[in-house]
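The values are calculated or read from the model by the stated rules, or taken from the named source; none is laboratory data. Predicted, not measured: the structure shown is a model, and the values here were computed from it. Cβ sites come from the backbone with ideal geometry, for glycine too, and all protein chains shown count toward neighbours. Note: areas computed on protein heavy atoms with side chains; ligands, DNA, RNA excluded. Shrake-Rupley method; radii C 1.70, N 1.55, O 1.52, S 1.80 Å.
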Amino acid sequence: MEFSRRDTLALGLGVAVATVIPFRAFAAADEAIAAFTGGADVGAGGITLTAPEIAENGNTVPIAVSAPGAATIMVFASGNPTPGVVTFNFGALAGDQSASTRIRLAGTQDVIAVAKMADGSFVQASSTVKVTIGGCGG
Amino acid sequence: MASGVKPRVKAPKTAAAGETVTIKTLISHKMESGQRKDGDGNPIPRSIINRFTCDFNGQNVIDVTLEAAISTNPYFQFDAVIPDAGDMVFTWYDDDGSVYDTTKSIAIG
């Protein structure tokens, strides 16, 4: 099979798109975090994200977040088709600022929790989860 | 998706005034993410529960926004302060407009 000039250009374009797409997925998580924080600086400490190191089944990965003094905790999955996972808003009668749930992960990736503190500052924690079987169907 | 949705809540029947109690909730729901395809390759439309709230005597305990990345049969565990006796109301909001709720009474004792 011979490559014409047109084929070669199309092939090159395809490769370029294929390389750009994974970066775009990570950028989506960064954009989602920026939308939540409004571009404010995000510190570290004061927030705990508990997630398994290895999850055999990406369809149900148990996670727990805890951030004393937080008003809102948002969880992001950087490698999912849509980065947003869950948002916890704590009300007046919340016993403490922690919650746990079960989430879906498409593959091995970083899970990021960002907390908005009562004083308006932001802190984040992240955890890498290895996923054996992805949880997004196919 | 309004068939077979059954909310389940585990909360203590009694608590000391001002005590912090742990609440566990589970609701059966398939949480179709919108990412999956059926046998013919057509995408299955998204159908999830997008919001969950818990209130005690009209005061909010937690308000959760759910995305498609929450697993089938959404489960939540959190803590609530019980200032006095009353009703704890749990509400789930479906994409299709359905609202599922359940109430647990907590006494002081």
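Just a few scattered comments:
- Number of the condition not met by A:Gly91 [criteria: (1) of a type outside the set (Asp, Glu); (2) crowded, with 24+ Cβ neighbours inside 10 Å; (3) without any contact (Cβ under 8 Å) to a residue 24 or more places away in the chain]: (2)
- From the list B:Ile49, B:Ile62, B:Ile27, the lone residue that is within 21 Å of A:Pro62 (Cα to Cα), open to solvent by less than 50 Å² (accessible area, probe 1.4 Å) and touching a His at 6+ places or on another chain (Cβ under 8 Å) is B:Ile49.
- Among the conditions (1) over 30 Å from B:Glu19 (Cα atoms); (2) out of contact with any Cys (no Cβ under 9 Å at 6 or more places or on another chain); (3) not aliphatic (A, V, I, L, M), the only one that A:Gly95 does not satisfy is (1).
- Of all the numbered requirements in (1) away from chain B (no Cβ under 11 Å); (2) within 28 Å of B:Val21 (Cβ to Cβ); (3) open to solvent by less than 20 Å² (accessible area, probe 1.4 Å), A:Thr37 misses one, and that requirement is (2).
- Selection within the stretch A:94-110 - farther than 21 Å from B:Gln59 by Cα, open to solvent by 30 Å² or more (accessible area, probe 1.4 Å) and not polar (S, T, N, Q): A:Arg102, A:Ala106, A:Asp110
- Residues of the stretch B:71-109 satisfying the condition of being assigned to a loop (DSSP other than H, G, I, E, B) and either open to solvent by less than 20 Å² (accessible area, probe 1.4 Å) or of a type in the set (D, E, K, R) (or both): B:Ser71, B:Pro74, B:Asp84, B:Asp95, B:Asp96
- Within the stretch B:1-24, the residues that satisfy the criterion of being closer than 22 Å to A:Leu93 by Cβ, open to solvent by 30 Å² or more (accessible area, probe 1.4 Å) and among the aliphatic types (A, V, I, L, M) are B:Ala16, B:Ala17.
- Scanning the stretch A:73-97 for residues that are more than 7 Å from every other protein chain (Cβ to nearest Cβ) and not in a loop (DSSP other than H, G, I, E, B) yields a total of 5.
- B:Ala68 being crowded, with 17+ Cβ neighbours inside 10 Å, assigned to a strand (DSSP E or B), of a type in the set (Gly, Ala, Ser) and within 10 Å of chain A (Cβ to nearest Cβ): no
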